[in-house]
1. Multiply the residue gap between ALA167 and THR19 by 0.36 nm, knock off their C-alpha separation, and tell me the result in nm, one decimal place.
2. Based on DSSP H runs of at least 4 residues, each adding -39500 (n - 2.57), what is the mean residue ellipticity at 222 nm of the chain after dividing by all its residues, to the nearest 500 deg cm²/dmol?
3. Taking N as the number of residues in the chain, what is its Cα Rg relative to 2.2 N^0.38 Å?
4. Check VAL92: other-chain or 5+ apart residues with amide H under 5 Å from its amide H, H built from backbone geometry?
5. Quote the relative contact order of region 1-65 in percent (integer), defining contacts as alpha-carbon pairs under 8 Å separated by 6+ residues.
6. Round to the nearest 10 and report in Å² the accessible area of TRP168, as given by a 1.4 Å probe over the protein chains' heavy atoms.
7. I want to verify the translational diffusion coefficient of region 139-186 in µm²/s; compute it with Stokes-Einstein, Rh as the Kirkwood radius over Cα pairs, at 25 °C and 0.890 mPa s.
8. For LEU123 and TYR103, FRET efficiency with R0 = 30 Å and r from the beta-carbon atoms, rounded to 0.05?
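The values are calculated or read from the model by the stated rules, or taken from the named source; none is laboratory data. Computed from a predicted structure; not experimentally measured. Please note: Cβ atoms are built from the backbone with ideal geometry, for glycine as well, and neighbour counts cover all protein chains shown. SASA here: full protein model, heavy atoms, side chains in, ligands and nucleic acids out. Shrake-Rupley method; radii C 1.70, N 1.55, O 1.52, S 1.80 Å.
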Amino acid sequence: FRESAPVSRSPVAMEYLRTRKLDGDARACSWFALPRETRALDMLRHQLVEHIGQDAWMRSGMAWPSGVFDPRWAGRLVVPWEAPNGAVEYLVGRVLDAPGPRYLGLKDRSPRWPFGSGNLIELSGPDTSVVIVEGAIDAVSCDLLCARRGLDCIALAIPGVDAWRDAWADLARGRNAIVGLDADKAGALHATRIKESLALVALSVTVREPANGKDWNELLCTEAA
């Protein structure tokens, strides 16, 4: 994907990053963008199969039983989710210019680690705080906001407000933790459970919401405006 479908080649995907004020972020600009046209998508599939083999492609969670691309992936911005060791173990596709579900994950599996886990291990120090947010867009936005304020924090994104796993709390072991879910009813409902899970291993746990806006990306965009 990095060789054949970088986000920089997609005007639609880059415009989306610009509207989210993420087009200057190196991490977001390393994501992927899949073509919408069936022929171009099939050409990409052939390139992938050349690299990883047909068996691996069929197990990827992006293929239909016939071997072609699941058409729901067409035209999506694709965000890689890394394990703590830096290996990409999951992909999430964000729809950009077509109807349908906003997010799409790999078939028959779920992420084993929150988005940002590799970033936490690589860049954090002993005093780095962990912020639990919803989705990769919010994680990158939160990291940018914290950096601008000189705050030593790294955001970890869960794939959905109800997708928290208690095992993930171990990433905050011995650190200060912040639960920063969206400022809505669902976020408030699940924040308590996540806080209780983190409290078993973290030095401290607080719950915070964006000062302006529903989520951290909305706050980022508000500040940019």
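1. 49.8 nm
2. Details: 7 runs with 73 residues, N = 225.
Theoretical 222 nm ellipticity from helices: -9500 deg cm²/dmol.
3. Relative to the 2.2 N^0.38 Å estimate, the chain comes out at 1.04.
4. Close amide H contacts, sequence-distant or interchain: VAL79, TRP81.
5. Values: 43 pairs, mean separation 19.9, N = 65.
For region 1-65, the relative contact order is 31 percent.
6. 10
7. Numbers: Rh = 12.2 Å.
The Stokes-Einstein estimate is 202 µm²/s.
8. Using R0 = 30 Å, I get an efficiency of 0.70.
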